[in-house]
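The values are calculated or read from the model by the stated rules, or taken from the named source; none is laboratory data. Please read these numbers as outputs of a predicted model, since none were measured by experiment. Neighbour counts run over all protein chains shown; Cβ positions are idealised from the backbone, glycine included.
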């Protein structure tokens, strides 16, 4: 499944309680084989490091693939003087929630 397809699925179905900060995942056989290939190709990277970097890259791709939905409010104008409308799609909420969780994680980290 492509990341852009995941976004559509999440918009329709992904609701509910999240897990704690530590994650454990089961991979399909093809993904596990690809991960093993990467680990063999780049032996200075642990499997966990590779997974972390892949997840980070995938999350960036998800953020950039979130659809822009023009709202009714003009928030700026571009170089040609055309209006730029506020984004009422999932991007602002994603960014807001990301900042909120980053703040929480940073506070938890500094407390321990």
Here is a list of conditions, (1) assigned by TED's automatic domain parsing to the domain that holds residue 22; (2) surrounded by 11 or more Cβ atoms within 10 Å (Cβ to Cβ), and residue 43 meets all of them except one; can you say which number that is?
(2)
Selected residue [surrounded by 10 or more Cβ atoms within 10 Å (Cβ to Cβ) and either outside the structural domain of residue 109 (by TED's automatic domain parsing) or more than 30 Å from residue 104 (Cα to Cα) (or both)] from 60, 30
60
